């Protein structure tokens, strides 16, 4: 009798757990619903963190790509082709990213993938896509090694021909922040913190190198553990180091509490980070003391570009629940680059998709060039965006405001 | 070295939080020899319980001095309901089963609770901000104490004193001690062991709830994953202090918290060790300490006689 009730309860629990898992994945099978003129359907895969800490950025990516696909369908941009998106959730985890990559490769209607958000996730996906000759365009990866090889500082070599990005790299973003701090903000003594992830550590390293070269001093450095929220020990070290600014290489879920705790410890100095902290959630998490904190982000502010007005208006009109966030414009352009490449391939093949469409789309991507949301979109010989504009933002009155835009020339 | 007092305070605060959660691990283990891995999630549900009271029960703009006691009651209610429910539905049916069965159940329960909050609590898919106490910070010499930390400073010793009184002086508390020593004999002597076990779960949940509110006040945000790492650390603290010993839980928590903080602050200053000194290495040093303690005192710092237990 006892045994039976045990089985019943285990079964109930298992059923419960399954229900929960089902709830958990309800976002991931979400396909774009506009089916336009009929004919062939091309799926654009999207891989981004749709749940968890980084979901604010990830959902912005997904919606923006969805908007690109819908716009192409509405305009009947590629004759005979209907675009759909398939968004998968990687939760910012490299292992999930690789699973998603395998899943997208297996679906023959997928001709291009936008994503992921995290450089570390991209590392786990690149080979899977490259083996299948499936083109991947990331709106957000900034680690230089992804396009220029691990020895990018000394000898550049492109590891994967199928990987492209519309975002600028840390090789530019870190030094850009260093120049702004040293030349414009007149900060001479920095405390550098990173989260040891591919993105954060890379950013911190390129920043430190440039800041030292300019003549600034590094008062101390620290690596935090992204799993915790207690940075009090680090905050005390920052305060006692006498630094006048903190550079943080990492993302907003940690940067928010870190900024808050540094200020609470009594160090009234700004925290500056890369595009990973350029999110409204950073301000929410860092609280009132975030005023004056800075972030660099790729490109010029989307709201200020004339080319972006249409995107912002369309995004609003489409009625997405979530904001397009830091990467909206880049995601739209990434999606549109895939659409352009597909168009080229289809037109070269007499209006039909060729049998080796994936390889052809990858090849066509190299020569894609169009005026996108973020300006001219095209790729150099490594697959990096040729548009190398960056902007410094500061927190004012509880929102990010652009301070200075520029191009880093080395 | 002038940052030492501040770092000790940082460590003490972090450790007190570990200690509050560790009490739940140690009490449940002491009585049923179950490592309740879902305890971190009971801590988490407590924090969300407090937030719910603030958001939906209290009128907007209630001052924290009024809101805090009510939030605390809400947190304790939610945690106790979850913990007692878990005991009744998931652990009690497995009481006679081999030890591994309830252990795996606890891990499953931990995941289920996380996902339940993730799926059904409004906007819990990313971190939610927790109300803060205005005012402060306070300065004592060159030590800064945040307003939110005052709660933790007061709550940890008070909780400890209440618990000690309860276990040592009350009839139920003595029943708990008896059950911990020998459940079968305790039953023969007329102790209602089922009731005692439920009380142990409920008490552990109460302290976890206090810890959950303290976490929210200290960091200003709570999320559905907050119980996982903290639960693991609290379990470590319980082992460090001697699992089964309630004072050991608090001592173990404080030792662990201070060790982590000091490792972050000072290891890097030792010549040649600068690579191993950052916060990302603090956990490594904390566990080195755990291993060292267990090598020389396998029963933990204040451990009970393990031999009785075989």
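The values are calculated or read from the model by the stated rules, or taken from the named source; none is laboratory data. On a predicted model such as this, the values are computed, not experimentally measured, just so you know. We place every Cβ from the backbone using ideal geometry, glycine too, and count neighbours over all the protein chains shown.
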So residue B:73, is it without any contact (Cβ under 8 Å) to a residue 24 or more places away in the chain, within 19 Å of the chain's Cα centre (by Cα) and away from chain A (no Cβ under 14 Å): yes
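Does residue A:332 fit the bill of being in contact (Cβ under 8 Å) with a residue 60 or more places away in the chain and within 24 Å of residue A:265 (Cα to Cα)?
Numbers: in contact (Cβ under 8 Å) with a residue 60 or more places away in the chain: yes; within 24 Å of residue A:265 (Cα to Cα): no.
Considered against the rule, which asks whether it is in contact (Cβ under 8 Å) with a residue 60 or more places away in the chain and within 24 Å of residue A:265 (Cα to Cα), residue A:332 comes out as no.
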Within region A:66-86, restricting to residues that are more than 18 Å from residue A:358 (Cβ to Cβ) and surrounded by 24 or more Cβ atoms within 10 Å (Cβ to Cβ), the one that is farthest from the other protein chains (Cβ to nearest Cβ) is A:72
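Looking at the structure I just gave you, is residue B:117 within 12 Å of chain A (Cβ to nearest Cβ), closer than 16 Å to residue B:130 by Cβ and surrounded by 17 or more Cβ atoms within 10 Å (Cβ to Cβ)? Lay out the reasoning, then the answer.
Values: within 12 Å of chain A (Cβ to nearest Cβ): yes; closer than 16 Å to residue B:130 by Cβ: yes; surrounded by 17 or more Cβ atoms within 10 Å (Cβ to Cβ): yes.
Answer is yes for this residue.
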Picking from A:238, A:218, A:245, A:234, the residue that is more than 21 Å from the chain's Cα centre (by Cα), more than 12 Å from chain B (Cβ to nearest Cβ) and free of Cβ contacts under 8 Å to residues at least 60 places away in the same chain would be A:218
Q. Could we say that residue A:267 is closer than 26 Å to residue A:188 by Cβ, in contact with a strand residue (DSSP E or B) (Cβ under 9 Å, 6 or more places away or on another chain), outside the structural domain of residue A:66 (by TED's automatic domain parsing) and in a loop (DSSP other than H, G, I, E, B) here?
A. yes
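Given the options A:348, A:384, A:371, A:356, name the one that is on the phi < 0 side of the Ramachandran plot and not assigned by TED's automatic domain parsing to the domain that holds residue A:152. Reasoning before the result, please.
Values: A:348 fails: not assigned by TED's automatic domain parsing to the domain that holds residue A:152; A:371 fails: not assigned by TED's automatic domain parsing to the domain that holds residue A:152; A:356 fails: not assigned by TED's automatic domain parsing to the domain that holds residue A:152.
A:384 is the lone residue from the list that is on the phi < 0 side of the Ramachandran plot and not assigned by TED's automatic domain parsing to the domain that holds residue A:152.
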Residues of region A:232-255 being buried (at least 24 other Cβ atoms within 10 Å of the Cβ) and in a loop (DSSP other than H, G, I, E, B), in sequence order, are A:250, A:251
Here the residues within region A:253-279 that are within 11 Å of chain B (Cβ to nearest Cβ) and in contact (Cβ under 8 Å) with a residue 60 or more places away in the chain are A:253, A:258, A:279
Residue A:225 fails exactly one of (1) farther than 19 Å from residue B:130 by Cβ; (2) within 23 Å of the chain's Cα centre (by Cα); (3) more than 7 Å from every other protein chain (Cβ to nearest Cβ), namely (3)
Quick count over region A:203-228, residues being crowded, with 20+ Cβ neighbours inside 10 Å and in contact with a strand residue (DSSP E or B) (Cβ under 7 Å, 6 or more places away or on another chain), is 8
If you go through A:287, A:292, A:329, the only one that is within 14 Å of chain B (Cβ to nearest Cβ) and either in a helix (DSSP H, G or I) or surrounded by fewer than 24 Cβ atoms within 10 Å (Cβ to Cβ) (or both) is A:287
Residue hits (region A:295-304; outside any strand (DSSP E or B) and in contact (Cβ under 8 Å) with a residue 60 or more places away in the chain) are A:299, A:300, A:301, A:302, A:304
Exactly one of A:95, A:120 is without any contact (Cβ under 8 Å) to a residue 40 or more places away in the chain, assigned by TED's automatic domain parsing to the domain that holds residue A:340, in a helix (DSSP H, G or I) and closer than 30 Å to residue A:234 by Cα, and that one is A:95
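Does residue A:171 count as farther than 30 Å from residue A:356 by Cα, modelled with pLDDT under 90, in contact with a helix residue (DSSP H, G or I) (Cβ under 6 Å, 6 or more places away or on another chain) and not in a loop (DSSP other than H, G, I, E, B)?
Judged against the criteria, residue A:171 is a match.
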